[in-house]
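The next block holds one structure in the form of structure tokens; read it before the comments.
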Amino acid sequence: MTVVMAATFAVACFCQERPAQHIVPKPFNVDASGPFTPPSPADFRGGTSLCPTGHTLEVNSRYLLLDGKPWLPVMGEFHYSRVPESEWEEELLKMKAAGVQIVATYIFWIHQEEVQGQFDWSGQRDLRHFIQLCAKHGLYVYPRLGPWAHGEARNGGFPDWLLTLGPTRRNTPRYMAEVATYYAQIATQLHGLLWKDGGPVIGIQLENEYATQEPDAGTNYIMALKRLAIENGIDVPLYSLTGWDNAVVPHGEFLPVYGGYPDAPWDASTTSLAPSETYMFRFRSRVAGNMGMMGGHGAATGNPSATTTPFFTAEMGGGIQDTYHRRPVISANDVAAMMPVMLGSGVNLYGTYMFQGGVNPEGRLSTLEESQATGYPTDVPVKSYDFQAPLGAFGLERLSLRKLKVFNYFLNDFGSLLAPMVTNPPAIQPKDPADLNVPRLSVRSNGRSGFVFFNNYVRGARMPARPRMQLRIKLQDSELLFPREPVNLPSGAYGLWPFHFDMDGIELRYATAQLMTKLDSPSGPIYVFVSTPGVPAEFALGQAASLSIGHDTSVRVDLKENVAYLHDTKPDLTSPMTITRQDGRAIRLLILTEQQAENCWKVRIDGQDRLLITSADLFSDGSRITLRSLGKREFRFSLFPGFGSGQRLVANSALRTAAFRNGLQEYTAELPPANASLTLHPIRRAGIAPAVPMGPAVSWRPHSVAAAPADATFQESAATWDLRVSWPRRTEISNLFLTVDYQGDVARLLTDGHLLIDDFYNGKRWQVGLRRYQVDGTVPPLTLQILPLRSDAPIFLEPAVRAGLPHTSQVDQLKAVGVVPQYQLQLEAH
């Protein structure tokens, strides 16, 4: 159906006049009418900003500039030394497919020089190769050099031998001499790969969580590190430090970066925590309470860095590392709901830690995990650093990746518009993180256009629905009542809505649907939106008299004062709306459901950006698209826009195509079943687990916490099984996952007495990819151990997990174990 707006309308200063016939609830007021102040030069001395190809990377007081244009990038953490080298490229491509543009990585000193004087930059410790792979696929790199890194590594990343030489993290001759040698080694790895050389390394972080203030420490030490880096040739546009927990950030020399996590596994509590500040907009400071006094060096204490440098993040939790005493289960919404909050708080670099999970490498002298036995506050698994990350330790793409991807794509395409915009708080705000009664929202605007960010989700809390929500945004030359009629915002909803948004010359007055991405097509641009669950998607188009609107017959168009209000718009991949201007130029609006958006991947095929919609995992190297599915050998996917005549997709299995409908092409393929098998033989029943010991007290916690069991405890008390796995030797099988459904304290998988991977029980099914453990194409004999969980163990489990445990003195139940093939379909255009 096409509606032609032929009448003449008076220009309205308001989006809508109040209806006279009924009482309208009072809208929430946001004042964005103040003068829009352009950013000032950043009070920051960076390195070389010009690269040999003529590109520039600079920073002002508000945002980054790439080639002189605002840039709001997406960053994700990937510890190369915790993932086998053979898997790096695939995992990087998965990150890129999810919209990540910058790869941050810790360099752990103990992983590179565990034995003094014997540096190892080979295999999965080959930093240079890792960065070269990033460059190959157009990813920028942000190494975090340390020398102290943390990252739940042994000694925070310090080699044991370094601790025997005297004080560390101070500007003392002996320590700094070792740091100089270490930095020189890193510089060799980075040689020719820095931005100034035309490489992908755009910045570095020095130290981490550093707050010591003494004569040979503090600024003195931090500036000595920067001088060392520069003297070794590590000249980069950006130098940063973590800014939380009263951190030392020398003014004008570093960009502070911030973070926040959905839970705090370092906390001593063995019960659910109070609502976290990470789900509340930050209008007064850059604070996240669960990371200590985050931003304590900034506006709250008078350090000018908080107002003269941009609001950047490096550690927004993509999950959390379970500790022995505290084992929260992080949901996809726990992770994704933080993103609109931080963007609405003014963040102009969103960094997720971790984006890619991992496994600690083998140590020559010891295991390489953080532990209370080595003087650190928590015990973490010996091997696993899965982190419940969007990409798991064995490469599985979790739902959190799909939810973050929706926001990442928005930033990829529209971040340059958002970056200059300033934050405007509503007139009424929650008084603290526990205040769940006041709606949580923010407006970023340039005084004329902008985005509304809202969050009605808090981990561990039941947020009330917000009936009849409406905003009145005061702009520089008008007011906007948004939306025209109040809407009910469901519990758990979060996202962003645009207003006064320019769609290639067509004004979108507002939309109650989330803007996701844009496709450039031969017939004109396609704007892709995501419906907010429970909220009708309404689009208000300005200058309606000059527009022709083609839409489905179910869409209701209401005309008022030269504005066309499109109601009853339904998500439909086969029915995009077409809006044509008087000059004949047209755009299309495509509305997706939340699930469709999460299953939507932006891919480039045959020189054109397209959407590939599938529930399978996906990555692409630019010429080949790989789909992977765990346990499902039938693949279904759709392509929009589909191929015209003379074009087709080919795959490693026969593709079946359905009818071509309004630009959407649907495909199915079925792979032959894999003949994988597992045999399980019990070796030993569980013994009585000993009482859980408590670790040493630390000054900042109210009491000590439970300590992880020693290796000898497993030999004495763990239930043990022998596992034999047959691997189907077929190219369409990319991996084989051992799945273990159990109840217990700690599970471990070994071969010939050697620990491969471990797991602190948190109620989730344990999944282990076996591909990396193959020897000559076969999986060696495996040993599974499950240590009983005592009913009196002083640990935190999610309430629902705790409630599901049997009422016995201890539990060591193996409910099910099996192997599940991961099928692989590869696509190419011909």
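Observations
- Condition met for S523 (of a type in the set (S, T, N, Q), within 19 Å of T578 (Cβ to Cβ), in contact with a helix residue (DSSP H, G or I) (Cβ under 9 Å, 6 or more places away or on another chain) and in contact (Cβ under 8 Å) with a residue 12 or more places away in the chain): no
- The range 613-662, residues that are part of a strand (DSSP E or B), within 25 Å of the chain's Cα centre (by Cα) and within 25 Å of K518 (Cα to Cα): I613, T614, D617, L618, F619, S620, I625, T626, L627, F637
- Some residue of the range 755-767 being under 21 Å from P673 (Cα atoms) and either modelled with pLDDT of 95 or more or small (G, A, S) (or both): yes
- Screening the range 516-550 for residues that are of a type in the set (S, T, Y) and part of a strand (DSSP E or B) and picking the one that is farthest from V563 (Cα to Cα) gives T517.
- Residues satisfying the stated conditions in the range 758-784, i.e. open to solvent by less than 10 Å² (accessible area, probe 1.4 Å) and not in a loop (DSSP other than H, G, I, E, B): D758, V768, G769, L782, L784
- Qualifying residue in the range 227-241 (condition: at pLDDT 95 or above and within 21 Å of the chain's Cα centre (by Cα)): yes
- Identity of the residue in the range 76-92, of a type outside the set (D, E, K, R) and open to solvent by less than 10 Å² (accessible area, probe 1.4 Å), that ends up nearest to P420 (Cα to Cα): G76
- Set A719, A747: member being crowded, with 20+ Cβ neighbours inside 10 Å and over 33 Å from the mean Cα position of the chain (by Cα): A719
- Taking the listed residues A803, A718, A712, the one that is closer than 27 Å to D334 by Cα, of a type in the set (G, A, S) and modelled with pLDDT of 95 or more is A803, with no other qualifying.
- Residue within the range 395-408 that is surrounded by 20 or more Cβ atoms within 10 Å (Cβ to Cβ), over 30 Å from K69 (Cβ atoms) and touching a Lys or Arg at 6+ places or on another chain (Cβ under 6 Å) present: no
- Test: V705 is β-branched (V, I, T), within 22 Å of P377 (Cα to Cα) and crowded, with 19+ Cβ neighbours inside 10 Å: yes
- Applying the criterion of at least 3 residues that are within 28 Å of S122 (Cα to Cα) and free of Cβ contacts under 8 Å to residues at least 60 places away in the same chain to the strands (runs of 3 or more DSSP E) found wholly in the range 346-452 leaves an empty list.
- If you filter the range 793-813 down to residues that are part of a loop (DSSP other than H, G, I, E, B) and of a type outside the set (G, A, S), you find that the one that is least open to solvent (accessible area, probe 1.4 Å) is I795.
- Any hit, the range 193-201, residues being open to solvent by less than 30 Å² (accessible area, probe 1.4 Å), in contact with a Phe, Trp or Tyr (Cβ under 6 Å, 6 or more places away or on another chain) and not aliphatic (A, V, I, L, M): yes
- Taking first residues from the range 246-274 that are within 20 Å of L64 (Cα to Cα) and partners that are among the acidic types (D, E) and outside any loop (DSSP other than H, G, I, E, B), the Cβ contacts under 6 Å between residues at least 6 apart in sequence or on separate chains come to G259/E315.
- Some residue of the range 108-129 being in contact (Cβ under 8 Å) with a residue 24 or more places away in the chain, under 23 Å from W71 (Cβ atoms), surrounded by 21 or more Cβ atoms within 10 Å (Cβ to Cβ) and of a type in the set (F, W, Y): no
- Selection within the range 143-162 - out of contact with any Asp or Glu (no Cβ under 7 Å at 6 or more places or on another chain) and open to solvent by 20 Å² or more (accessible area, probe 1.4 Å): D160, W161
- Flag if E598 is open to solvent by 50 Å² or more (accessible area, probe 1.4 Å), at pLDDT 95 or above and over 19 Å from F501 (Cα atoms): no
Yes/no per residue for (1) open to solvent by less than 80 Å² (accessible area, probe 1.4 Å); (2) at pLDDT below 95; (3) within 30 Å of V740 (Cα to Cα):
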{"position": "G622", "(1), (2), (3)": "yes, yes, no"}
{"position": "R656", "(1), (2), (3)": "no, yes, no"}
{"position": "N662", "(1), (2), (3)": "no, yes, no"}
{"position": "A674", "(1), (2), (3)": "yes, yes, yes"}
{"position": "P682", "(1), (2), (3)": "no, no, yes"}
{"position": "A689", "(1), (2), (3)": "yes, no, yes"}
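- Per-region count, the range 369-394, residues open to solvent by less than 20 Å² (accessible area, probe 1.4 Å) and among the β-branched types (V, I, T): 2
The values are calculated or read from the model by the stated rules, or taken from the named source; none is laboratory data. A quick note: this is a predicted structure, and the numbers were derived from the prediction, not measured. Reconstructed Cβ throughout: ideal geometry from the backbone, glycine too, with neighbour counts over all protein chains shown. Just so you know, the surface numbers come from the protein's heavy atoms only, side chains and all, with ligands and any DNA or RNA stripped out. Shrake-Rupley method; radii C 1.70, N 1.55, O 1.52, S 1.80 Å.
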